[in-house]
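Below: one structure in structure tokens.
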Amino acid sequence: MVIAGARTVPVVLRSRAAVSGTGTVDPATARPEGTMPLRGPLVDRYGRVHTDLRISITDRCNFRCTYCMPEEGLPFKARAEILTFEEIARVAGVARTLGVTSVRLTGGEPLIRRSVVDLVARIAAIGFEDVALTTNGTGLDRLARPLAAAGLRRVNISCDSLRADRFAAIRRRGRLATVLAGMAAAEDAGLVPLKVNVVLIAGVNDDEICDFAAFARDTGRIVRFIEYMPLDADHAWSRSQVVPAHEVLQRINARWPLVAVDEVPSGDPAPAERYRFADGRGEIGVVASVTRPFCGTCNRLRLTADGAIRNCLFSDEETDVRSLLRGGADDAEIALALRRCVWGKLPGHGINDPGFLQPARSMSMIGG
Ligand code: SAM
Ligand code: SF4
């Protein structure tokens, strides 16, 4: 454990709203329904330009994390319902022509899909600025090098506890040691800086906040504390289980002073608010989807493993591109479907609205 040093550096914690004027967009700024542009970038009615595509490549997983999947009984899609590599690459290619610059592969657990390295090579060949992947880390010891060679740039590894027994209780499968070995393998393969996703749940693992901060300081890995979202298959989420990002920052800052990392001048739409340790040893981030929504700068759209385009994690509407792909649609029709989906995006995810309803799909079926 790292011992706190002298706290002489001023604390510059901040609210996201203060930094980039985000939160949710003002509904009054919506452009009229019939004015969707047919050229230029993928834009919604509030002017948000979409440049980031999350592709879920499987709804299956070798883990059963409590906050995501049930222990058993979640029905998986039949193989025929899942997009082929050709279909995924086709949608990605169309998205590229519409100005999408970054792709992240996810799931389910993306590394359990057979020949995932070939898919990464296909996606990388399209010419995105960034190709990344989110994984639970199992399999990386074997796959990190081939993935990097195929064109993967970065990897986020989920790890919610640094205690083996607790890790097992939260994730219900897999071993902490394997995931830590996967992190080392990813670094050896040059997939750096490595990001470590930690979903915090009050009373479960929030006593490890400072342990994870020490881990970030000791390893150079960027630990991102993620607020628990109402996307668990068990529908057990409750607001009282959310550990607010400001609490996370306060606790860490009290021990190791933090300084906000300035976002890029154009307004970095990345959801994580970034902080570096004032003494220069490492960085952490918080993803405050519940308490400080970043819908105002959201630039993401999602492709589910079974071929639905979603404009928000929480949307209850989606666009079926699989039927288009399999029905002989040309690229222009697919592009139009993507445009329409983005155009229909709501100003905010609505988690904090009184009438909020959890979407039908849970996280592993959408792709986080
Ligand atoms: N299986 C991979 C993994 O676990 O990293 C990729 C898919 S997983 C759905 C993507 C991310 O979503 C992970 O970092 C996971 O911890 C996070 N996640 C899953 N359910 C969540 C929830 N209810 N609230 C917040 N984050 C969640
Ligand atoms: Fe699987 Fe990732 Fe969901 Fe855990 S969070 S059950 S590893 S998809």
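Tell me the strands (runs of 3 or more DSSP E) entirely within the range 186-286 that contain at least 3 residues that are modelled with pLDDT under 95 and within 30 Å of Gly350 (Cβ to Cβ).
So the answer is none; nothing clears 3.
Only residues in the range 229-249 that are acidic (Asp, Glu) count as the first member; pair them with residues that are surrounded by fewer than 18 Cβ atoms within 10 Å (Cβ to Cβ) and part of a loop (DSSP other than H, G, I, E, B), Cβ under 8 angstrom, at least 6 apart or cross-chain, and list the lot.
Matching pairs, first to second residue: Asp234/Pro70.
Another question, then. Could you please let me know if Leu53 is part of a loop (DSSP other than H, G, I, E, B) and either near ligand 2 (Cβ under 9 Å from one of its atoms) or not polar (S, T, N, Q) (or both)?
no
Would the range 94-104 turn up any residue that is within 16 Å of ligand 2 (Cβ to nearest atom) and not in a loop (DSSP other than H, G, I, E, B)?
Checked against the condition, which is being within 16 Å of ligand 2 (Cβ to nearest atom) and not in a loop (DSSP other than H, G, I, E, B), the range 94-104 yields at least one hit.
Moving on. Given the conditions (1) away from ligand 1 (no atom under 11 Å from the Cβ); (2) closer than 17 Å to Val192 by Cα; (3) buried (at least 22 other Cβ atoms within 10 Å of the Cβ); (4) within 20 Å of the chain's Cα centre (by Cα), which single one is not true for Gly137?
Of everything listed in (1) away from ligand 1 (no atom under 11 Å from the Cβ); (2) closer than 17 Å to Val192 by Cα; (3) buried (at least 22 other Cβ atoms within 10 Å of the Cβ); (4) within 20 Å of the chain's Cα centre (by Cα), Gly137 misses just condition (1).
Next question. So Leu140 passes all but one of these: (1) within 16 Å of ligand 2 (Cβ to nearest atom); (2) without any contact (Cβ under 8 Å) to a residue 60 or more places away in the chain; (3) touching an Asp or Glu at 6+ places or on another chain (Cβ under 8 Å); (4) of a type in the set (A, V, I, L, M). Which condition number does it fail?
Failing condition for Leu140: (3).
Filter the range 308-351 down to the residues that are basic (Lys, Arg), touching a strand residue (DSSP E or B) at 6+ places or on another chain (Cβ under 8 Å) and either modelled with pLDDT under 95 or farther than 19 Å from Gly367 by Cβ (or both) and list them by number.
Arg339, Arg340
The values are calculated or read from the model by the stated rules, or taken from the named source; none is laboratory data. These numbers were taken from a predicted model, which means no experiment stands behind them. Methodologically, a virtual Cβ is constructed for each residue, glycine included, from the backbone with ideal geometry; neighbour enumeration extends over all protein chains shown.
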